[in-house]
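See below for the structure under consideration.
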Amino acid sequence: MSGLEARNEVLPRSSRAPEGERRPARDSLTGRMGTAELVFTVLAFAAPLATVSGLVPLVISFNGSGAPGAFVAATLLLLFFAAGLAAMSKQIQNPGAFYAYVTAGLGRPLGLGSALLAIYSYWLIAVASFAFLGSASSRLVAELGGPSIPWYAFEFVGILLCGVLGYLNIELSAKVLVVVMVLEVVIVVILDVAIAGHGGAEGLSLEPLSLSAFSSGSVGVAILFGVLSFLGFESTAIYREEARNPERTIPRAMYLSVGLIGVFYTVSTLMIMLAYGADRAVAIAGDDPAALLTGALRQYLGDVFVDVGAVLLTTSVLASMVAVQNMLSRYLYSLGHDAVLPARFGSTHPRHRSPHVASMAVTGALLAGAIPSALSGMDPMSLYGYVAGVGSYSILVLMFLAVVAVVVYFRRHSATGVSIWQTAVLPTVAALGLATVVYLATVNFETLSGVTGGLAAGLIVLTFLVVVAGVLAALRLRSRGPEVYRRIGCQEL
């Protein structure tokens, strides 16, 4: 689509359909989420304990002693991105998050394409993560002396539990996420303090944060995995209707989320490297990534904390899936309110004021994704690696579309109350950075997903075909359903 077409595709926020074509009043979601609840929701999606256990070792294995610096770089990149999203949230007062922003910046066809890509990406992440949850829970119960229970039993229970929480008011989910998040963050902080108190294996040092250490390994791939550790930070915008004073709380929550996640991972990575010494940490990360965290817990805190950490790892993943359930539900809800999906998807529960129909649809889709894996007898951890890798790649593409949309939108529209740094400079730098990350993810797709050969190429192409499908659906609506087409990404509030 040309720039002129994109310009003509977008309705400014002040515009309205002709009087006879206006929509009925919005059946709104309600809630009183403040900055803290929004931040905890993002942190839950990021699953800090699971990330320290899984992604941090990958960053260490690729960038060696410079691993903490990779998280610093990823944090700065996403803070630049957050600056643009925060500015966008003040201009586009719709709760569709990336869907609304891409529509505003790049037009309705790509907007609908981005919505489908978001649903596809987060569904893959959820299917993979529930398999991981089932495997980890089954193993944990057996290790603690319990009965041998098939992993998929825990998978199905997890899906149904998230479905129940998604059906109810968002504030209940937020309270659950706060409790789980505090527990998993506390155990990592206790470990960090214990390592610092013991002086690590070779004494305390900030050398891993130096520029020479940062550039000593495969910097690009390390930053790629660092960026993946922040997935979900954009979810603050999708709760716009359920937030108190969203013009203030959403931008604030975005900045706080990225900053807190970045500091947490940087410090924790530094402490884990000091716990072993840089060379030994790199060796363990390459040979047995999961042993990096458990070994440090055992050495500095004792076996009891290893067991506590194993329990909190499962709750960390479960909390992350509650956040994903809520995010997917709200994407379907937005599409239902735009009449792209049947109107019932855009309805809210009369008591809980939640997107209950959309949430039930998400639960059904997750069960549909879980049943084949349970019947196939496939190793759930292998499934997790393959499917989560593809989902992560798709989200990176979605993030790139969103940051480009921010840059384009502010080139075409004047904005008040935001600086040129927020609307042009920082988003442009973020766009260049995310373009590099997507390129690195493409050329390292085998490392990211474990999928090789023609199948890897096919899955990469499939990501872009999802976007194309959304574009084609929007173009079809433009000719056959212009009233619906006008609503794409432009819900009246």
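The values are calculated or read from the model by the stated rules, or taken from the named source; none is laboratory data. These numbers were taken from a predicted model, which means no experiment stands behind them. Quick reminder, even Gly has a Cβ in these numbers, built from the backbone with ideal geometry, and neighbours come from all protein chains shown.
A single entry from LEU341, LEU375, LEU297 fulfils the requirement of being surrounded by fewer than 22 Cβ atoms within 10 Å (Cβ to Cβ) and more than 24 Å from the chain's Cα centre (by Cα): LEU375.
Condition test on ALA278, is it in contact with a helix residue (DSSP H, G or I) (Cβ under 6 Å, 6 or more places away or on another chain) and either surrounded by 17 or more Cβ atoms within 10 Å (Cβ to Cβ) or not polar (S, T, N, Q) (or both)? For ALA278, the condition - in contact with a helix residue (DSSP H, G or I) (Cβ under 6 Å, 6 or more places away or on another chain) and either surrounded by 17 or more Cβ atoms within 10 Å (Cβ to Cβ) or not polar (S, T, N, Q) (or both) - is met. GLY111 meets each of the listed conditions (1) modelled with pLDDT under 95; (2) over 18 Å from the mean Cα position of the chain (by Cα) apart from (1).
In the range 199-206, the count of residues that are closer than 30 Å to PRO95 by Cα and of a type in the set (Asp, Glu) is zero.
Counting only helices (runs of 4 or more DSSP H) that fall entirely inside the range 376-493 and contain at least 3 residues that are of a type in the set (Val, Ile, Thr), the qualifying elements are 380-412, 426-443, 453-480.
Yes/no matrix, rows are residues, columns are (1) of a type in the set (Asp, Glu); (2) touching a Leu at 6+ places or on another chain (Cβ under 9 Å); (3) at pLDDT 95 or above; (4) crowded, with 16+ Cβ neighbours inside 10 Å:
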{"residue": "MET399", "(1), (2), (3), (4)": "no, yes, yes, yes"}
{"residue": "ARG411", "(1), (2), (3), (4)": "no, no, no, no"}
{"residue": "TRP421", "(1), (2), (3), (4)": "no, no, no, no"}
{"residue": "PRO427", "(1), (2), (3), (4)": "no, yes, yes, yes"}
{"residue": "LEU455", "(1), (2), (3), (4)": "no, no, no, no"}
{"residue": "GLY489", "(1), (2), (3), (4)": "no, yes, no, yes"}
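Check off (1) more than 20 Å from LEU172 (Cα to Cα); (2) in contact with a helix residue (DSSP H, G or I) (Cβ under 8 Å, 6 or more places away or on another chain) for ASN326 and give me the number that stays unchecked. Among (1) more than 20 Å from LEU172 (Cα to Cα); (2) in contact with a helix residue (DSSP H, G or I) (Cβ under 8 Å, 6 or more places away or on another chain), the lone unmet condition for ASN326 is (1).
Looking only at the range 41-63, decide whether some residue is crowded, with 24+ Cβ neighbours inside 10 Å, farther than 28 Å from GLY450 by Cα and at pLDDT below 95. Yes, the range 41-63 has at least one match.
Against the condition closer than 21 Å to SER121 by Cα and buried (at least 24 other Cβ atoms within 10 Å of the Cβ), how does ALA358 come out, does it pass? Yes, satisfied. Of the helices (runs of 4 or more DSSP H) lying entirely inside the range 250-358, those containing at least 3 residues that are at pLDDT 90 or above and more than 26 Å from VAL227 (Cβ to Cβ) are 290-300, 303-337.
Every residue, every condition in (1) out of contact with any Phe, Trp or Tyr (no Cβ under 6 Å at 6 or more places or on another chain); (2) surrounded by 18 or more Cβ atoms within 10 Å (Cβ to Cβ); (3) acidic (Asp, Glu), yes or no:
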position	(1), (2), (3)
VAL443	yes, no, no
VAL451	no, yes, no
VAL467	yes, yes, no
TYR485	yes, yes, no
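Here is a list: ALA82, ALA73. Which entry is in a helix (DSSP H, G or I), in contact (Cβ under 8 Å) with a residue 60 or more places away in the chain, surrounded by 24 or more Cβ atoms within 10 Å (Cβ to Cβ) and within 19 Å of the chain's Cα centre (by Cα)?
After ruling out the rest, the residue left standing is ALA82.
Being within 30 Å of LEU472 (Cβ to Cβ) and either without any contact (Cβ under 8 Å) to a residue 40 or more places away in the chain or out of contact with any Pro (no Cβ under 8 Å at 6 or more places or on another chain) (or both) is a condition met by no residue of the range 301-317. Give me the pairs, please: first residue somewhere in the range 354-381 and farther than 20 Å from ALA131 by Cβ, second residue anywhere and of a type in the set (Val, Ile, Thr), beta-carbon distance under 8 Å, and either six or more positions apart or on two chains. Note: pairs meeting the criteria are SER354/ILE170; SER354/THR348; PRO355/THR348; HIS356/THR348. For the range 96-114, filtering for residues that are in contact with a helix residue (DSSP H, G or I) (Cβ under 7 Å, 6 or more places away or on another chain), under 20 Å from ALA86 (Cα atoms) and part of a helix (DSSP H, G or I) leaves 10. Being more than 22 Å from VAL311 (Cβ to Cβ), among the small types (Gly, Ala, Ser) and more than 28 Å from the chain's Cα centre (by Cα) holds for only one residue in GLY145, GLY200, GLY163, and it is GLY200. Filtered by the rule that a residue be among the aliphatic types (A, V, I, L, M) and crowded, with 23+ Cβ neighbours inside 10 Å, the range 193-249 gives ILE195, ALA222, ILE223, LEU224, VAL227, LEU228, LEU231, ALA237, ILE238, ALA243. Looking only at the range 222-249, residues that are at pLDDT 85 or above, hydrophobic (A, V, I, L, M, F, W, C), farther than 30 Å from ALA201 by Cα and assigned to a helix (DSSP H, G or I) come to 2 in all. Would you point out the residue of the range 137-166, among those that are touching a Pro at 6+ places or on another chain (Cβ under 9 Å) and either among the polar types (S, T, N, Q) or touching a residue at least 60 places away in the same chain (Cβ under 8 Å) (or both), that is farthest from GLY96 (Cα to Cα)? My answer is SER138.
Being farther than 22 Å from PHE225 by Cα, touching a Ser or Thr at 6+ places or on another chain (Cβ under 9 Å) and modelled with pLDDT of 95 or more is a property that VAL406 has.
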